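Notes follow once the structure below has been shown.
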Amino acid sequence: MQVEEVPDSTPAQSTSNLPLCIDLDGTLVKSDTFHDSLCILARTFPASLFRIPAWWISGGRANVKAKVAAIVHPDADRLPYNHALLQFLDEQRHLGRPIYLATGADSLLASHVMHHVGLFSGVICSDGKTNLVGSHKLAGLQQRFPEFDYIGNAIPDLPALAHARHAYVANPTASLRVSLKARHIPVARVFEDRSPMPSALLKSIRIHQWAKNVLLFLPLLLSHKISWQTILPCIAAFFCFSFFASANYIANDLLDIESDRHHPRKRFRPFAAGDLSVPTGLLTALMLVAASASLLPRLPSGFALWLLFYAIATSAYSFYFKRVPIVDVLMLSGLYALRMEAGAAATGTLISPWLASLAIFLFLSLAMVKRYSELANLRERGVSGSHGRGYLVTDIEQIRSFGNASAAAAVVIFCLYISRPDVDALYRHSGRLWLIVPFMLYWLNRVWLLAARGELNEDPVIFAIRDSVSITIAVCVAVLAIFATF
């Protein structure tokens, strides 16, 4: 146990000298800072994860916390604080009440939080030897204070809550609520500041991103060999791929938890915002992987190989390549093409070189416009570089030139394709396909125009599925393709 004192600025007209002690993880902060630290460690120094068992054996959980905190720890300025509780603490501080941070977090991290918040008279925390949770925390508080009020959120806080003069809870877990009721411990006040778990889980899965996986149907649709024998495997492949992709999104959000907190919009993602815990995310990801694996026996082995390749590619992207300029967007565009290859493998159809080329250039342009929008937002905020990325705001014009060139290349490839004589074998009225070209030109140029105006969401896929003009264009292109076929 370690206690750190800071100069007391309590007003003379204090209304109460009874200390108010507050837990950190899950209480003052909606997330668990130790779990957050492990995510940051996995992102920045993954090899250090293998040293945790040795740290545990040599000194237990308190030693692990100290070792991890010495390497990485969350930015105290960006932690997802419980704002309702902060307001209450500020009111108590102005009344002259001494407030103490009582946490199982290591002293290094606890000190950063204490100085950032600026409301505490001192901090009682783990010191590398004693893990200040449960009965250890109660002993530390009783040693320091004859009486105290306490604010907690989970079962480890139960001993301190039971012995406090007044018990407060913040975002209490269901098990704590049950235990408090069973032991007839009155709760003076509840500080709720968290999104409901069902909505947070749905948000973390990102079902809207499943729109990208519609590409699995494209090889089958363009082969003109649609039947129940081919469409059913394609539907199974869609859900198999979607479940796995959602698990990948969760894993990526956990690895990016620190970077997301520095982003104006991504900081509201469930894990960065503290609406979902890291263990909940890991469990959800495992369940999604299990759901995906349950569909694999119904699909050809070739599809499983492409799914494995997707897993390897996305892992490499998440751990390293997303921070390498140009390579990151090339990999993103390649992942779109990979989806089509997976769909072709699921249905036993072939992808023409023309379709593959069109997809690569088209999605490279969309990946570029995403990076362009990110840099445009940074430029507007006066920031020179992106956190966790390899781009600078000065790269923005070069990114635009790359993206516009890729968009033009995609249209040219489509024009060359529909000019081929063998296209007549697939389309009865292949000349009507030329009517699609103006729609392509309009949509791609409109996307880049909106990006230049700062009116485009950073993710063009989200923009497309919410934009009425984009939906209308997609319907028109589909109708033209049908008219060209029959």
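The values are calculated or read from the model by the stated rules, or taken from the named source; none is laboratory data. The model shown is predicted, which means the values in this text are computed figures rather than measured ones. Positions of Cβ are backbone-derived with ideal geometry, glycine not excepted, and every protein chain shown enters the neighbour counts. The protein model used for the area step is the full one, side chains on, heavy atoms only, and it has no ligands, DNA or RNA in it. Shrake-Rupley method; radii C 1.70, N 1.55, O 1.52, S 1.80 Å.
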When both residues are 6+ apart or on different chains and their Cβ atoms are under 7 Å apart, which pairs have a first residue that lies in the stretch 403-414 and is under 20 Å from TRP434 (Cα atoms), and a second that is small (Gly, Ala, Ser) and in a helix (DSSP H, G or I)?
SER406/SER365; ALA407/SER365; ALA410/SER365; ILE413/SER357
Mind listing whichever residues of the stretch 20-71 are touching a Lys or Arg at 6+ places or on another chain (Cβ under 6 Å) and of a type in the set (A, V, I, L, M)?
LEU20, ALA62
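Checking the condition open to solvent by 40 Å² or more (accessible area, probe 1.4 Å), touching a residue at least 12 places away in the same chain (Cβ under 8 Å) and under 21 Å from LEU38 (Cα atoms), which residue from LEU108, LEU95 passes? If you could, list the steps in order and put the result at the bottom.
Details: LEU95 fails: under 21 Å from LEU38 (Cα atoms).
After applying the criteria, what remains is LEU108.
Is one or more of the residues making up the stretch 337-344 closer than 21 Å to LEU456 by Cβ, open to solvent by 40 Å² or more (accessible area, probe 1.4 Å) and modelled with pLDDT of 90 or more?
First, the residues of the stretch 337-344 that are closer than 21 Å to LEU456 by Cβ: none.
No.
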Does any residue of the stretch 121-133 turn out to be without any contact (Cβ under 8 Å) to a residue 40 or more places away in the chain, touching a Pro at 6+ places or on another chain (Cβ under 8 Å) and under 24 Å from TRP55 (Cβ atoms)?
yes
Name, by its number, the condition in (1) more than 17 Å from LEU18 (Cα to Cα); (2) at pLDDT 95 or above; (3) open to solvent by 10 Å² or more (accessible area, probe 1.4 Å) that does not hold for ASP127.
(2)
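Residues checked against (1) open to solvent by 30 Å² or more (accessible area, probe 1.4 Å); (2) part of a helix (DSSP H, G or I); (3) in contact with a Leu (Cβ under 7 Å, 6 or more places away or on another chain):
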site: VAL383; (1), (2), (3): yes, no, no
site: ILE396; (1), (2), (3): no, yes, yes
site: GLY403; (1), (2), (3): no, yes, no
site: VAL412; (1), (2), (3): yes, yes, no
site: VAL423; (1), (2), (3): no, yes, no
site: TYR427; (1), (2), (3): no, no, yes
site: ARG432; (1), (2), (3): yes, yes, yes
site: LEU435; (1), (2), (3): yes, yes, yes
Look through the stretch 25-66, keep the residues that are among the charged types (D, E, K, R) and touching a residue at least 24 places away in the same chain (Cβ under 8 Å), and return whichever of them is nearest to THR314 (Cα to Cα).
ARG43
Of those in the stretch 468-486 that are open to solvent by less than 50 Å² (accessible area, probe 1.4 Å) and among the hydroxyl-bearing types (Ser, Thr, Tyr), the residue modelled with the lowest pLDDT is THR485
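Going residue by residue through the stretch 56-70, is there one that turns out to be aromatic (Phe, Trp, Tyr), over 20 Å from LEU254 (Cβ atoms), assigned to a helix (DSSP H, G or I) and open to solvent by less than 30 Å² (accessible area, probe 1.4 Å)? If you could, list the steps in order and put the result at the bottom.
So in the stretch 56-70, the residues aromatic (Phe, Trp, Tyr) come out as 56.
This time we only want the ones that are over 20 Å from LEU254 (Cβ atoms), so: 56.
Next cut, assigned to a helix (DSSP H, G or I) only: 56.
This time we only want the ones that are open to solvent by less than 30 Å² (accessible area, probe 1.4 Å), so: none.
Among the residues of the stretch 56-70, not one is aromatic (Phe, Trp, Tyr), over 20 Å from LEU254 (Cβ atoms), assigned to a helix (DSSP H, G or I) and open to solvent by less than 30 Å² (accessible area, probe 1.4 Å), which makes the answer no.
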With respect to ARG400, is the statement that it is charged (D, E, K, R), under 27 Å from the mean Cα position of the chain (by Cα) and at pLDDT 90 or above true?
yes
Could you please find all residues in the stretch 196-228 being under 13 Å from TYR336 (Cβ atoms) and either of a type in the set (Ser, Thr, Tyr) or open to solvent by 60 Å² or more (accessible area, probe 1.4 Å) (or both)?
VAL214
Scan the stretch 290-309 residue by residue and report those that are open to solvent by less than 80 Å² (accessible area, probe 1.4 Å), over 22 Å from ILE351 (Cβ atoms) and free of Cβ contacts under 8 Å to residues at least 24 places away in the same chain.
ALA290, ALA293, SER294
Single condition SER121 does not satisfy, out of (1) under 34 Å from the mean Cα position of the chain (by Cα); (2) among the hydroxyl-bearing types (Ser, Thr, Tyr); (3) open to solvent by less than 20 Å² (accessible area, probe 1.4 Å):
(1)
(1) within 19 Å of ALA451 (Cα to Cα); (2) modelled with pLDDT of 85 or more all hold for ARG379 apart from (2)
Consider only pairs whose beta carbons are under 8 Å apart and that are at least six residues apart or on different chains; among these, list those whose first residue lies in the stretch 437-460 and is closer than 18 Å to ILE473 by Cα and open to solvent by less than 30 Å² (accessible area, probe 1.4 Å) and whose second residue is among the charged types (D, E, K, R) and modelled with pLDDT of 85 or more.
TRP448/ARG400; PRO460/LYS370
